[in-house]
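Here the structure is laid out as structure tokens; the discussion comes afterwards.
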Amino acid sequence: MAEAVKRLWPETKLAIGPAIEDGFYYDFDRKNPFSGEDLLKIEQEMRKIISADEKFERQEMGKEEALRLFEKMKEDYKVELIKDLAGGTVSVYRTGKDFLDLCRGPHVSSTGEIKFFKLLSVAGAYWHGIETNPMLQRIYGTCFDTAKELEEYLNSLQEAKLRDHRKLGPQLELFDIYHEQAGAGLVFYHPKGAILRTIIEDYEKKEHLKRGYQMVITPHIMDVSLWKTSGHYDYYKENMYFSSEEGREVVVKPMNCPGHILIYKSKSRSYRDLPIRFFELGTVYRREKAGVLHGLLRVRGFTQDDAHIFCLPEQLRGEIKDIIDFVFETMKVFGFEQWGIELSTRPEKYIGSQEDWQKATDALEDALKEKGLPYEINQGDGAFYGPKIDIKLKDALKRTWQCATIQCDFALPKRFGLSYVDEDGKQKQPIMLHRVLLGSLERFIGALIEHYKGELPLWLSPTQVLLIPVKETTVSYTQKVKEKLEDRQIRVDMDVRNETLDKRIRNAELNKIPYCLILGEREAKSGTVSVRKKGSGDQGAITLDKFTEELINQIRQYK
């Protein structure tokens, strides 16, 4: 692709072009924006290069030689990359008569081995993801061995567009994100979205209390000294919001854990008290770069279903296994049946001793092994204070979503001087587990919307039943039906607009409301309701009591 772009527009500068999970991209610095027609031209040129079966020739050279070469080619971004590379040599690849690129490789032996490909889209991307750097143009593409695989992938992309929560959320009046006066990355829940979120929160509160968690609430703004003690000031500062209050520097909390630690420290603890499980639906704020914001999946303000467990060493593995069970039970309730698991180990920058890191990693890994769960090692991707288990959901399109995390932490209890009194009257340090089940509620709601294509299960639907009076004369009966359903805690709305019956039914379908009750003179006289079920059409007329009981039974099934 890069060679084709350089053939067509030689003045274009090359930046970086890696392979990614579902294909590849390349960032280009070009004065004029790439158009849809340009992508077709690039594809045609790529096919010529493939037909020519050009060999990929690898060459190693010293950094100084490489710098001179790319400076001569006026490839400024490559020069910067070479300067940042460690070691004394770099590798380049040549194809065709005169195309050369900086690349680690390896590659297929020649362009003729490349089979079925498609250029997908163009997006803006800051160089190195930093907003003050030049804005580049990123072309995304994908490639497969067979035409069938490519076709299946392109079909899945089309289906993903239909499920995009960024379109469905506003369309279904659940939320919107950007307001010019408020800023980017901040979520505004509309009434229906607030109902959906409240349903999720109420379920979580009930389940946590049932499992021995204690509810806590911590402040949104806390003194900077707290974050210096926790290590966030040194390891997470670029993602934190700072302000000042009465001459003191304060932080808008990016994490809930230091607040939970202070609650633990508020009084002396005995070994008999442990494990202590604190739970908070805690809203946090993080300075995310504008270029990485993405719908509900990456925002600046979000709420976590955050818990911190303080336990004895002998309780650690049992607590980890209980959390894993809790995660799986919760995911099944919300309709997710498949997942993948990663164990992330010590990163380059970390706090605590290597010995404690090893103990923490062993505890997490032993729990996975004891439960017989398959997992992959994600080397060096742990939090700065401890290793972690990430449980990633797979949705209806088999895409993965990061939600649940379990982190094992020996370091923060030590930094904050946490202790408990053991059975011999001695002061000991507890072990701390950080964990979320759904993770960010915003991200999880985005995943739910895309998993169900906006057609949420009955128990989660903000409006479960829509009442449609056929005529003005049946509005009073419709109101009585509404009151009776609300008495049974069924979420119900009325459509009394001066529109045709067909148009109102169609609108209910577009708003993905599970049930419509059509209420005419006949229903008013007989005390019945005519039922329409989304996706199944007319279900006939039944008594209101029978409909209500059937609906309640369906809602109860999720439990």
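The values are calculated or read from the model by the stated rules, or taken from the named source; none is laboratory data. Source: prediction; values computed, not measured. So basically every Cβ, Gly included, is an ideal-geometry build from the backbone, and we count neighbours across all protein chains shown.
Results, tabulated for the structure shown:
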quantity	calculated
From the options Arg287, Arg346, residue that is in the same structural domain as Asp409 (by TED's automatic domain parsing), farther than 24 Å from Trp459 by Cβ, part of a loop (DSSP other than H, G, I, E, B) and touching a strand residue (DSSP E or B) at 6+ places or on another chain (Cβ under 9 Å)	Arg287
Members of the stretch 62-90 that are farther than 15 Å from Ala15 by Cα and either outside the structural domain of Asp27 (by TED's automatic domain parsing) or exposed (fewer than 15 other Cβ atoms within 10 Å of the Cβ) (or both)	Gly62, Glu64, Glu65, Arg68, Lys72, Ala86, Gly87, Gly88, Thr89
Residues of the stretch 349-378 classified as in contact (Cβ under 8 Å) with a residue 12 or more places away in the chain and either among the aliphatic types (A, V, I, L, M) or in a helix (DSSP H, G or I) (or both), total	15
Listing of helices (runs of 4 or more DSSP H) fully contained in the stretch 190-257 that carry 3 or more residues being under 23 Å from the mean Cα position of the chain (by Cα) and over 19 Å from Ala307 (Cα atoms)	191-210
Residue within the stretch 236-259 that is hydroxyl-bearing (Ser, Thr, Tyr) and under 30 Å from Pro457 (Cα atoms) present	no
Positions within the stretch 10-46 being loosely packed, with under 13 Cβ neighbours inside 10 Å, under 21 Å from Thr95 (Cβ atoms) and touching a helix residue (DSSP H, G or I) at 6+ places or on another chain (Cβ under 9 Å), in sequence order	Gln44
Conditions (1) within 23 Å of Ser419 (Cα to Cα); (2) assigned to a helix (DSSP H, G or I); number of the one not met by Asp306	(2)
From the options Ile505, Ile513, Ile542, Ile518, residue that is more than 30 Å from Gly185 (Cα to Cα), outside any strand (DSSP E or B) and of a type in the set (Val, Ile, Thr)	Ile505
Among the candidates Leu433, Leu418, residue that is buried (at least 18 other Cβ atoms within 10 Å of the Cβ), in a loop (DSSP other than H, G, I, E, B) and at pLDDT 90 or above	Leu418
Only one of Lys192, Lys205, Lys228 that is in contact with a Leu (Cβ under 6 Å, 6 or more places away or on another chain) and of a type outside the set (Gly, Ala, Ser)	Lys192
Arg138, sole failed condition from (1) within 30 Å of Arg415 (Cα to Cα); (2) in contact with a strand residue (DSSP E or B) (Cβ under 8 Å, 6 or more places away or on another chain); (3) surrounded by 16 or more Cβ atoms within 10 Å (Cβ to Cβ)	(1)
Lone qualifier among Ala367, Ala360, Ala411 - being surrounded by 14 or more Cβ atoms within 10 Å (Cβ to Cβ), closer than 25 Å to Leu226 by Cβ and not assigned by TED's automatic domain parsing to the domain that holds Pro430	Ala360
Qualifying positions in the stretch 519-559 - of a type in the set (A, V, I, L, M, F, W, C) and either closer than 24 Å to Gln171 by Cα or in contact with a Gly (Cβ under 9 Å, 6 or more places away or on another chain) (or both)	Val531, Leu544
Single unsatisfied condition, Asp145 versus (1) exposed (fewer than 12 other Cβ atoms within 10 Å of the Cβ); (2) of a type in the set (D, E, K, R); (3) under 20 Å from the mean Cα position of the chain (by Cα)	(3)
Qualifying positions in the stretch 334-357 - under 30 Å from Gly454 (Cβ atoms) and surrounded by 15 or more Cβ atoms within 10 Å (Cβ to Cβ)	Phe334, Gly335, Phe336, Trp339, Ile341, Glu342
Spans of strands (runs of 3 or more DSSP E) in the stretch 26-129 with at least 3 residues at pLDDT below 95 and over 30 Å from His294 (Cα atoms)	57-62, 89-95, 99-102
Contacts under 9 angstrom Cβ, first residue in the stretch 216-232 being free of Cβ contacts under 8 Å to residues at least 24 places away in the same chain, partner not in a helix (DSSP H, G or I), 6 or more apart	Ser225/Arg248; Ser225/Glu249
